[in-house]
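Structure, as structure tokens:
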Amino acid sequence: MITRREQSINAIIARLPDRQHVVVSNREPYVHKRSRRGTVVERPPGGLVAALDPMMQAVGGVWIAWGSGSADREAVDAGAHVRVPPEDPRYVLRRVWLPPDVVERSYYGFANQALWPLCHMAVDKARFRRSYWQGYVEANRIFAAATAEEAASGAFVWMQDYHLAVAPRQIRAARPDLLLVHFWHIPWPVWDVFRTCPEAQRRALLEGLLGSDLLGFHLDRFRQTFLECVARELDAEVDVENGFVDYHGHRTTVRSFPISIDVEAFDTLVRSRETVRWMARWRARPEIGDRRVAIGVDRLDYTKGIPERLRAIDRFLRRHPYYLERFVFVQKAAPSRTRITAYRQLQERVERMIAEINTRHGRNGWRPILYIPESIPPAALAALYRLADVAVVSSLQDGMNLVAKEFIACQVDEHGVLLLSELAGAAEEMAHAVRINPYDEEGFAEAIAQALTLPLEERRRRMRAMRAYLAAHDIFWWMEEVVAAASRLIARRVETRHLFEDLERIEVARRDRSLVLFLDFDGTLVPIAPTPDAAVATLDVQAVLRRLRSGGHEVVIVSGRAASRIQTLVGVDDLVYMGNHGLEVQSGDQPPVRAAAERLRGQMQALSEAIHARLADVPGLAVEHKDLSSSVHYRQVDRTQVPRVRQVVSNLVDQYRPWITLLRGKEVLELRPNLPWDKGRAVLWWLEHRFGPQWVDRVLPVYVGDDRTDEDAFGALAGRGITVAVAPEGPTAAAYSLRDPAEVLDFLRWLAAGEAARQAAQTVPIS
Ligand code: ADQ
């Protein structure tokens, strides 16, 4: 059976055909180190390397990173290249050499003593020294030069994180042909915090990042704070709703992509014999035994809220003496950035606090906190995640927090409880965790007690919900989302032409293949109507669809509406109807996410009813419930009422996170199940399902649509089909455009006509 990883990598390759992949990150995926046994190759821990390395192994390409290992220089050729993985080389690792003083000023200076605290809103710890800044610009320049050297023409360059904020602009200056994507792994601060950074530096940071074509953050919140900072600092055109920034003639698309973990790999690891053995070993330790176990797993970083957590544990033990000797808190800590004073001080403080708490409450050989600063094998960590009754994530600020997701992935017995800080990015998705505020010591302490007494059924209910969500939103989903967004941008770079200028090419392309027509309905086959029910296919439209069908072409109607509804409105039998943006198909074959969508039906219904009730007084508002999704149409609502409509809907949707999301369309708010599915994936799934993996050789897909949701399909079919945007308002990923539904009808008639008739029409259709 094909694994999730293989499936996803195939999808990534298909989205970016014929493009070299280049990853740029501070940390390298393979480190050569000198040891007593000679040179050893280590793979640094961390989710990002674990996710991107298999992708690079499958697609090939170049990974550019700082050569930080003691034997790194000996392992490379004259061009600083080494092929990796060493045992079975698949791609090139290009190392860059940063002089020690640059590392000092950039990595230990600006990156970790200015940007890191700034972005985590710990302004009191930020040091904006000019020498740090100069070192940072220099390090970025070195990375940028290596990238400009390595990247082939038009390469897809994917930069990672806050060490490389100014590189995108530097790279663009040298290589405007490249497709530059940057992902920012930490929060973005609000303007009042960001402006504490000296003006010259903060401007250059923003300008640097705006060198990218696509910029990603974990959360929409960070995307918005970034856009606000841009709007206040630079003379740029900022479109917050669509996430576009136009600056100095270049457009950057800013989107959110919540990162995740390799769920399948954790599942395999945690069920392995080695992990089970480790569980027994942990239980055999006298500090643990058969006690209730809570765990914390962190790098020793002041953003993780470790002292706050220790205070809460202290208070919990004082308030709930029942747990003395019956409870143990295991703190797995990884010392980090220890050359920086704030980190050394934190480590000392944490160790002192643990010693004090252990002395205060310890008795009969029992101590409440087991501190593990040394590194342990992955199976040992997985064992802790699996056996824990409670995991505590108490970040004061955190871009995402992968520990929370790893704990959920490892909870195969579904008995544990996640205590999650509402200030961690992960809280936005993990709505079934027990929420804590790390600054509220009393509430935090009580939450620990509550977690330990939750009935098993309740714990299971919560854990199952989070596991189901995580299974569908893993690291591969994240990668696919980023790559899909990038592929839409590539398509957008190709100039969109009016379709009638290119009919000859279509004539040639279709000669040895049959057509599969994917047609959106509203705004494509019929003009947008004032109310949803007023849009009905005309007799002309029905006639041409029938002719196409009888001519042996497959016709698929792809709509945001319910499949049953769209079938009634189109009124032609024998077509394929895909409803709810491809979540349902009006035939026996259903897409792979259908079952998950079904489970959300009840919640969607309740949400629609709540919106209806709260906004019943707004004239002109139409709430269209579509079984698996809903649309709130405000086309006919008085302008002054629109902000209230948006606010009320957004607040109500918040109560249904993370499974239901809100998207804005043309004067409509779309409430959709948050599933890894869109019209693009639906179309690719259908083609493969119906015509096999080699469908490209057999059929020519033609996709016509007018909506933002159709952009996913344009991106998915870029280079492999004919994509047509109807009346596009802005840049589109479609290769062609048509003015209105009347032109669409002309085009369909032209397609339906026999070859001779098409020739006679002299390639220009006439209404
Ligand atoms: P980090 O701040 O490092 O990452 P996090 O996402 O929680 O934070 O953890 C990263 C990885 O380190 C996890 O795989 C975890 O297992 C591992 N790890 C942490 N402490 C450990 C320990 N004591 N022992 C062993 N392993 C440990 C940054 C951002 C986050 C964001 C990630 C990814 O700060 O907000 O989630 O990048 O984008």
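The values are calculated or read from the model by the stated rules, or taken from the named source; none is laboratory data. Please read these numbers as outputs of a predicted model, since none were measured by experiment. Here the Cβ is made from the backbone with ideal geometry for all residues, glycine too, and neighbour counts use every protein chain on show. Protein only, heavy atoms only, side chains kept; ligands, DNA and RNA dropped before computing areas. Shrake-Rupley method; radii C 1.70, N 1.55, O 1.52, S 1.80 Å.
Before moving on, here are some points about what is shown:
- Residue in the range 199-216 that is within 16 Å of the ligand (Cβ to nearest atom), surrounded by 19 or more Cβ atoms within 10 Å (Cβ to Cβ) and either assigned to a strand (DSSP E or B) or among the basic types (Lys, Arg) (or both) present: yes
- Flag if residue 528 is surrounded by fewer than 21 Cβ atoms within 10 Å (Cβ to Cβ), among the aliphatic types (A, V, I, L, M) and within 26 Å of residue 748 (Cβ to Cβ): yes
- Meeting the requirement of 2 or more residues that are in contact (Cβ under 8 Å) with a residue 60 or more places away in the chain and over 27 Å from residue 501 (Cβ atoms), the strands (runs of 3 or more DSSP E) wholly within the range 650-728 are 660-665, 668-673.
- Given (1) among the hydroxyl-bearing types (Ser, Thr, Tyr); (2) open to solvent by 10 Å² or more (accessible area, probe 1.4 Å); (3) more than 23 Å from residue 288 (Cα to Cα), number of the condition residue 395 does not satisfy: (2)
- Residue 309 falls short on exactly one of the conditions (1) of a type in the set (D, E, K, R); (2) away from the ligand (no atom under 16 Å from the Cβ); (3) touching a Pro at 6+ places or on another chain (Cβ under 8 Å), and that condition is (2).
- Within the range 453-465, restricting attention to residues that are modelled with pLDDT of 95 or more and hydrophobic (A, V, I, L, M, F, W, C), the residue that is surrounded by the most Cβ atoms within 10 Å (Cβ to Cβ) is 463.
- Test: residue in the range 136-147 that is part of a loop (DSSP other than H, G, I, E, B) and either open to solvent by 50 Å² or more (accessible area, probe 1.4 Å) or modelled with pLDDT of 95 or more (or both): no
One line per residue, one yes/no per condition, for (1) open to solvent by 20 Å² or more (accessible area, probe 1.4 Å); (2) modelled with pLDDT under 95; (3) more than 16 Å from the ligand (Cβ to nearest atom); (4) under 23 Å from residue 171 (Cα atoms):
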| site | (1), (2), (3), (4) |
| --- | --- |
| 218 | no, no, no, no |
| 222 | no, no, no, no |
| 226 | no, no, no, yes |
| 239 | yes, yes, yes, no |
| 244 | yes, yes, yes, yes |
| 249 | yes, yes, yes, yes |
| 252 | no, no, yes, yes |
| 255 | yes, no, no, yes |
| 258 | yes, no, no, no |
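- Neighbours by Cβ (under 8 Å, 6+ apart or cross-chain): first from the range 161-182, closer than 22 Å to residue 46 by Cβ and touching a residue at least 12 places away in the same chain (Cβ under 8 Å); second more than 16 Å from the ligand (Cβ to nearest atom) and of a type in the set (Asp, Glu): 181/213
- Scanning the range 14-38 for residues that are over 14 Å from residue 92 (Cβ atoms), within 22 Å of the chain's Cα centre (by Cα) and not charged (D, E, K, R) gives 14, 16, 17, 25, 26.
- The residues of the range 544-557 that are surrounded by 15 or more Cβ atoms within 10 Å (Cβ to Cβ) and free of Cβ contacts under 8 Å to residues at least 60 places away in the same chain, listed by number, are 546, 549, 555, 557.
- In summary, residue 488 fulfils each of the numbered conditions (1) under 26 Å from the mean Cα position of the chain (by Cα); (2) open to solvent by 60 Å² or more (accessible area, probe 1.4 Å); (3) within 26 Å of residue 678 (Cα to Cα) with the single exception of condition (2).
- One residue alone among 428, 414, 422 is more than 20 Å from the chain's Cα centre (by Cα), surrounded by fewer than 24 Cβ atoms within 10 Å (Cβ to Cβ) and not hydrophobic (A, V, I, L, M, F, W, C), and that residue is 414.
- Residue match in the range 565-572 (condition: buried (at least 22 other Cβ atoms within 10 Å of the Cβ), on the phi < 0 side of the Ramachandran plot and under 32 Å from the mean Cα position of the chain (by Cα)): yes
- Reported count of residues in the range 275-287, each being open to solvent by 20 Å² or more (accessible area, probe 1.4 Å) and either within 30 Å of residue 123 (Cβ to Cβ) or within 16 Å of the ligand (Cβ to nearest atom) (or both), is 1.
- Positions within the range 387-422 being of a type in the set (Gly, Ala, Ser), assigned to a loop (DSSP other than H, G, I, E, B) and away from the ligand (no atom under 11 Å from the Cβ), in sequence order: 388, 394, 416
- Counted residues, the range 686-711 - those being within 30 Å of residue 606 (Cα to Cα) and open to solvent by 30 Å² or more (accessible area, probe 1.4 Å): 2
- Residue check: residue 290 meets all listed conditions (1) more than 16 Å from the ligand (Cβ to nearest atom); (2) under 20 Å from residue 451 (Cα atoms); (3) in contact with a strand residue (DSSP E or B) (Cβ under 7 Å, 6 or more places away or on another chain) but one, namely (3).
- Lone qualifier among 324, 300, 370, 346 - being more than 15 Å from the ligand (Cβ to nearest atom), open to solvent by less than 40 Å² (accessible area, probe 1.4 Å) and modelled with pLDDT of 95 or more: 324
Yes or no, residue by residue, for (1) within 16 Å of the ligand (Cβ to nearest atom); (2) in contact with a Ser or Thr (Cβ under 6 Å, 6 or more places away or on another chain); (3) not hydrophobic (A, V, I, L, M, F, W, C):
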| site | (1), (2), (3) |
| --- | --- |
| 430 | yes, no, no |
| 442 | no, no, yes |
| 446 | no, no, yes |
| 449 | no, no, no |
| 455 | no, no, yes |
| 461 | no, no, yes |
| 465 | no, no, no |
| 473 | yes, yes, yes |
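- First in the range 19-44 and in contact (Cβ under 8 Å) with a residue 40 or more places away in the chain, second anywhere and open to solvent by less than 70 Å² (accessible area, probe 1.4 Å) and of a type in the set (D, E, K, R), Cβ under 8 Å, 6 or more apart: 22/150; 25/161; 26/161; 28/72; 28/95; 29/53; 31/72; 32/72
- For the range 148-198, a residue qualifies if it is more than 16 Å from the ligand (Cβ to nearest atom) and touching a Phe, Trp or Tyr at 6+ places or on another chain (Cβ under 9 Å), and the qualifying residues are 166, 167, 170, 171, 178, 179, 180, 194, 196, 197, 198.
- The range 481-502 residues that are modelled with pLDDT under 85, paired with ones that are outside any helix (DSSP H, G or I) and open to solvent by less than 10 Å² (accessible area, probe 1.4 Å) (beta carbon under 7 Å, 6 or more apart): 490/179; 491/733; 492/732; 492/733; 496/725; 496/732; 496/734
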